[in-house]
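For reference, the structure is listed below as structure tokens.
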């Protein structure tokens, strides 16, 4: 059985898993995809599924380890298989290749409800499990989670991660490596704060060794949020990954910084897309922020003029470079609407209607 459909990039298909009843398709075939919508429709859930499939692609699990990892990542089986469905399906594809698929079922124990899962990976592409190039690209993929300020503070202080999940391991590992080497991007991400004086004494944080780890508990959440995006900027500048994603890009940022960082990351993604000879990296941004949406709308229509945007105008986004996936509930079911670009006059009005 082949579930996949042909796409021009990375694709995710989800059916009856988590909050998704029925079928949802997410195709990452442009430099920037915006995932937005109301709380509880599965935005973060989709990112965690993507991360799990990418990890499986580079290091396959046996059935028992897979069932354990699903439970560790998502909790009780009732949070994984959609209520009443009995069985769920997930599939990751690239172009015409189905890289990895997942079927998961509830397994009742005793007289209670579903206490365990039976899970298996199916429809595996030929490149799975150490094959090239997909396994290597999957190992370089990153998801910056919505709890990243806590993770950054831990990385700056000691490098210990008490609250990591399987979906955050790759991100935390790169963050710890950048911290150990005092990578220049960690300070570069804070340049807007230093230049604008938005955070008092931020320069002295560096004088006392913020990036080296001292006094990180005194750093503002905005500063840590900007540092938390350094691994994403780094991966986009390097190239070669199947995906980079940011959950809640506006986390702890002022309106000005929300707009600037969203445009800057989007331009970095376009630069990567244009310069990559093959396998350009799609950037997936999850946001609730109307400021982020408006900033990207302005970027597409006339170009962002904010001096805090670090990457130049030559990488300005056009309408064909960005699309938006809106998740919303209708009659208790998660639905989705895909808009190519965010330039349609009705876009923000339609977004408000969905919410």
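The values are calculated or read from the model by the stated rules, or taken from the named source; none is laboratory data. Predicted model, so just to flag it, every value in this text is computed and none were measured. Methodologically, a virtual Cβ is constructed for each residue, glycine included, from the backbone with ideal geometry; neighbour enumeration extends over all protein chains shown.
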- Message: Return the residues of region 268-290 that are within 30 Å of residue 197 (Cα to Cα), assigned to a loop (DSSP other than H, G, I, E, B) and touching a residue at least 60 places away in the same chain (Cβ under 8 Å); say none if nothing qualifies.
- Response: 287, 288
- Can you run down the residue pairs with Cβ atoms below 8 Å, 6 or more apart or on separate chains, where the first is in region 325-349 and part of a strand (DSSP E or B) and the partner is modelled with pLDDT under 65 and surrounded by 17 or more Cβ atoms within 10 Å (Cβ to Cβ)? 326/351; 326/354; 328/354; 337/354
- Message: Just the residues that are under 13 Å from the mean Cα position of the chain (by Cα) and over 25 Å from residue 94 (Cα atoms), please, taken from region 229-247.
- Response: 229
- Message: Just to be sure before I move on: is residue 154 more than 19 Å from the chain's Cα centre (by Cα), outside any strand (DSSP E or B) and modelled with pLDDT of 85 or more in the structure I sent?
- Response: yes
- Query: Do we find a residue being part of a loop (DSSP other than H, G, I, E, B), surrounded by fewer than 23 Cβ atoms within 10 Å (Cβ to Cβ) and either modelled with pLDDT under 90 or within 18 Å of the chain's Cα centre (by Cα) (or both) anywhere in region 217-225?
  - Reply: yes
- Task: Name the strands (runs of 3 or more DSSP E) wholly inside region 13-106 in which the number of residues that are in contact with a strand residue (DSSP E or B) (Cβ under 9 Å, 6 or more places away or on another chain) and over 30 Å from residue 295 (Cα atoms) is 3 or more.
- Result: 20-28, 87-94
- Complete set of residues in region 169-189 that are in contact (Cβ under 8 Å) with a residue 24 or more places away in the chain and in a helix (DSSP H, G or I): 169, 170, 171, 174, 175, 178, 179, 185, 186, 187, 188
- Query: Can you name the number of the only condition in (1) more than 23 Å from residue 286 (Cα to Cα); (2) modelled with pLDDT under 85; (3) surrounded by 18 or more Cβ atoms within 10 Å (Cβ to Cβ) that residue 88 fails?
  - Reply: (2)
- Task: Evaluate region 251-262: report whether one residue or more is touching a strand residue (DSSP E or B) at 6+ places or on another chain (Cβ under 7 Å), surrounded by 21 or more Cβ atoms within 10 Å (Cβ to Cβ) and not in a helix (DSSP H, G or I).
- Result: no
- Quick one: which of 297, 293, 236 is modelled with pLDDT under 90, farther than 20 Å from residue 193 by Cβ, in a helix (DSSP H, G or I) and in contact with a strand residue (DSSP E or B) (Cβ under 8 Å, 6 or more places away or on another chain)? 293
- Which number in (1) closer than 22 Å to residue 245 by Cα; (2) touching a strand residue (DSSP E or B) at 6+ places or on another chain (Cβ under 6 Å) marks the one condition that residue 333 misses? (1)
